[in-house]
Amino acid sequence: MTTARPHRSVIRATGLRKSYGDKLVLGGIDLDVAEGTVFALLGPNGAGKTTTVQILSTLIGADAGEVTIADHDLWTQPDAVRAAIGVTGQFSAVDNLLNGEENLQLMADLHHLPRAEGRRRVADLLERFDIVEAARKPVVTYSGGMRRRLDLAMGLVGDPQLIFLDEPTTGLDPRSRRGMWDIIRELVAGGVTIFLTTQYLEEADLLADRVALLDDGRVVAEGTPAELKRRMPGGHVSLRFADDLQLDRAARSLDDARRDDEALTLDVPSDGSVKSLRALLDQLDRAAVEVDDLQIHTPDLDDVFLALTGQRTRSATDPSTTEPSTTDPFTTDSSDIEETVR
Amino acid sequence: MSTLTYALADSRTMLRRNLKHMVRYPTLILFVIGIPVVLLLLFVYVFGGALGAGLGPTMSGGRTEYLNYLVPGILVLTVAGGGQGTSISVAMDMSENIIARFKTMSIRRDAVLIGHVVGTALQTMIGMAVVLVVALLLGFRPDANPAEWVAAAGLLTLITVALTWLCVAAGLWAKSVETASNIPMPLLLLPFLGSGFAPTDQMPTAVRWFAEHQPFTPFTETLRGLLLGTGIGSDGIVSVAWSVGIILFGYFSARSLYDRDPSAA
């Protein structure tokens with residue numbers, strides 16, 4: 001949370017709740033998306049990602065919560081919100097009986113663009129999204145990647161300031177996925193705000209400025225990808241020493257370290273931040289220890305994802321344990337070792 | 001542009017979309033033309049002789065006489081047949097994800113529905129024109145003057161719009177395309193349970209009571225009066241009242257069904 005510069009929120013939601021009958025889908029989530037950023041809502045299937053997008057894009061209602069989108073209240077001014085957003089759904093929302101060009105022209109007409117301006121924008125989008133050759137072919141003949149590109153292009157005809165991308169790369173082959181990522185980066189460079197949902201950590205890591213981890217209808221963690229990784233149990237600094245003497249000396253000054261006599265290493269729990277590294281090195285300096293080699297092990301978002309979402313399912317009855325414990329990063333490892341030894 | 005201009009523009013855009021669908025996938029128009037033409041041929045050439053003889057003492061009877069009697073009923077039935085196509089195409093459209101996109105756009109809310117109504121109404125009118133041409137070729141001889149033709153066309157348009165709104169609502173209400181194709185079935189039967197194919201005064205009391213109080217009888221009688229000069233009486237007013245009532249009911253049902261929160265279902 002180093003963003004000292006005050007930002008303008010494009011989406012601000014507090015206490016958003018939604019149930020389908022008895023089933024709680026969203027258990028009161030808060031979101032704050034800054035203008036011109038990519039916000040990723042990351043979570044497994046059934047976490048409530050699509051429901052969140054459906055609510056924020058005015059498609060369905062919610063049971064509780066306050067939401068402002070592009071300075072308009074979602075409940076009282078849905079039409080003003082609609083005018084500010086573009087939506088690309090998980091399943092392509094294109095007209096299958098029309099061709100690509102007609103689909104885009106339909107959007108231009110519905111945005112009441114003047115004829116020439118509409119045609120110019122349609123041609124431009126066809127070009128930009130590489131649909132020119134297939135422009136006059138029925139959409140049913142399009143490949144998955146092409147449909148998704150058309151779908152996204154349709155959401156852009158109205159020049160929205162906020163774009164919802166609900167799992168934009170789900171089901172795409174790696175090449176199309178990369179192409180979609182490039183397109184998203186271009187959009188952000190153009191100043192658009194993007195609200196992205198994904199179940200791919202790599203995607204959130206690559207594209208997002210901020211990530212919220214959604215599990216079982218709750219935001220279990222939120223921050224920049226780097227922040228989330230640092231908060232992850234299992235992050236540590238591995239120190240290697242030239243000989244036993246140095247190792248002994250270091251081990252005496254660092255009590256929570258794990259020692260490996262054979263490899264001459266010490267693993268010290270750490271969030272990998274500069275501050276904690278400096279503290280660690282200062283401590284080693286004071287103990288006059290010579291460090292041969294130092295490696296920082298930061299978990300990737302995959303670890304964060306599995307730890308946080310997994311933990312939640314295991315301890316569903318006890319909400320206090322949803323926050324990952326950072327005190328003993330080695331618990332899992334050592335218990336594994338113990339089990340193999342016995 | 002004003003709100004009204006936007007509303008018209010959006011509806012026109014949606015109508016254009018529907019017309020493109022129809023031109024590209026013209027299966028439904030076959031419904032609209034096929035059923036009435038087959039029934040026309042069947043009733044004229046198979047049952048016509050017998051039914052013509054039973055039309056009553058005021059008429060001379062016979063096949064041509066029966067054809068003249070039958071055509072207004074067949075035209076009204078064409079509208080009902082078009083209704084089935086409407087429900088199917090609305091239900092099919094609602095199962096497409098593009099509808100969700102429309103709902104997240106700042107456009108006139110009922111433009112999608114108006115597009116469907118105007119599109120299928122036009123389709124039904126074309127169907128009726130074809131049916132009328134077939135009837136004329138078979139020997140249908142109306143004696144309407146130009147004003148009566150205009151009135152007949154107006155009445156058929158009104159009935160078409162009314163039944164189309166009703167069938168749009170049915171298509172929205174249906175959870176599946178199959179259901180949507182079944183709901184309007186009774187509409188196809190109503191002309192038979194009225195004065196479309198035989199005079200009501202020869203029906204058993206209960207059936208006759210129903211026949212005389214359901215909308216298709218005044219529809220048929222008014223049309224018959226305009227085209228063939230039989231008595232209209234209060235049937236004209238009753239037809240208009242039924243139509244307006246059905247339009248209001250159909251429109252508001254369709255609106256609320258379209259607006260219903262899909263997550264609340």
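The values are calculated or read from the model by the stated rules, or taken from the named source; none is laboratory data. On a predicted model such as this, the values are computed, not experimentally measured, just so you know. Virtual Cβ from ideal backbone geometry, glycine too; neighbours counted across all protein chains shown.
For the reader, a short list of remarks on this structure follows.
- Residues of region A:55-68 satisfying the condition of being crowded, with 24+ Cβ neighbours inside 10 Å and not in a loop (DSSP other than H, G, I, E, B): A:55, A:56
- Of the set (1) crowded, with 17+ Cβ neighbours inside 10 Å; (2) more than 12 Å from chain B (Cβ to nearest Cβ); (3) of a type in the set (D, E, K, R), all apply to residue A:151 but (2).
- Number of the condition not met by residue B:70 [criteria: (1) touching a helix residue (DSSP H, G or I) at 6+ places or on another chain (Cβ under 8 Å); (2) part of a helix (DSSP H, G or I); (3) within 11 Å of another protein chain (Cβ to nearest Cβ)]: (3)
Residues are listed down the side, and each one gets a yes or a no for (1) of a type in the set (Lys, Arg); (2) within 14 Å of another protein chain (Cβ to nearest Cβ):
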{"site": "A:18", "(1), (2)": "yes, yes"}
{"site": "A:24", "(1), (2)": "no, yes"}
{"site": "A:29", "(1), (2)": "no, no"}
{"site": "A:38", "(1), (2)": "no, no"}
{"site": "A:77", "(1), (2)": "no, yes"}
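- When the test is whether a residue is in contact with an Asp or Glu (Cβ under 8 Å, 6 or more places away or on another chain), more than 14 Å from chain B (Cβ to nearest Cβ) and assigned to a strand (DSSP E or B), residue A:47 does not pass it.
- Criterion (away from every other protein chain (no Cβ under 14 Å), crowded, with 16+ Cβ neighbours inside 10 Å and modelled with pLDDT under 90) met by exactly one of A:221, A:212: A:221
- Leading residue by the ranking (farthest from residue A:296 (Cα to Cα)) among those in region A:256-275 that are within 26 Å of the chain's Cα centre (by Cα), of a type in the set (Gly, Ala, Ser) and surrounded by 17 or more Cβ atoms within 10 Å (Cβ to Cβ): A:270
- Some residue of region B:209-220 being modelled with pLDDT of 90 or more, under 19 Å from residue B:122 (Cα atoms) and among the β-branched types (Val, Ile, Thr): no
- Search result, residues across region A:87-132 that are among the aromatic types (Phe, Trp, Tyr) and at the interface with another protein chain (Cβ under 8 Å from one of its Cβ atoms): A:91
- The number of residues in region B:220-237 that are surrounded by fewer than 18 Cβ atoms within 10 Å (Cβ to Cβ) and part of a helix (DSSP H, G or I) comes to 3.
- Residue B:22 meets all of the listed conditions (1) under 18 Å from the mean Cα position of the chain (by Cα); (2) more than 11 Å from chain A (Cβ to nearest Cβ) but one, namely (2).
- Filtered residue count, region B:95-123, keeping only those that are in contact (Cβ under 8 Å) with a residue 12 or more places away in the chain and outside any helix (DSSP H, G or I): 5
- Single unsatisfied condition, residue B:97 versus (1) in contact with a Phe, Trp or Tyr (Cβ under 7 Å, 6 or more places away or on another chain); (2) within 25 Å of residue B:214 (Cβ to Cβ): (2)
- Selection over region A:157-166 of residues that are touching a Gly at 6+ places or on another chain (Cβ under 6 Å) and under 17 Å from residue A:180 (Cα atoms) gives a count of 2.
- Check on residue B:141, touching a helix residue (DSSP H, G or I) at 6+ places or on another chain (Cβ under 9 Å), free of Cβ contacts under 8 Å to residues at least 12 places away in the same chain and farther than 21 Å from residue B:249 by Cβ: no
- Among the conditions (1) in a helix (DSSP H, G or I); (2) farther than 30 Å from residue A:51 by Cα, the only one that residue A:227 does not satisfy is (2).
- Test: residue in region B:209-219 that is more than 21 Å from residue B:152 (Cα to Cα) and surrounded by 20 or more Cβ atoms within 10 Å (Cβ to Cβ): yes
- Lone qualifier among A:281, A:294 - being under 38 Å from the mean Cα position of the chain (by Cα), surrounded by 14 or more Cβ atoms within 10 Å (Cβ to Cβ), part of a helix (DSSP H, G or I) and at negative phi: A:281
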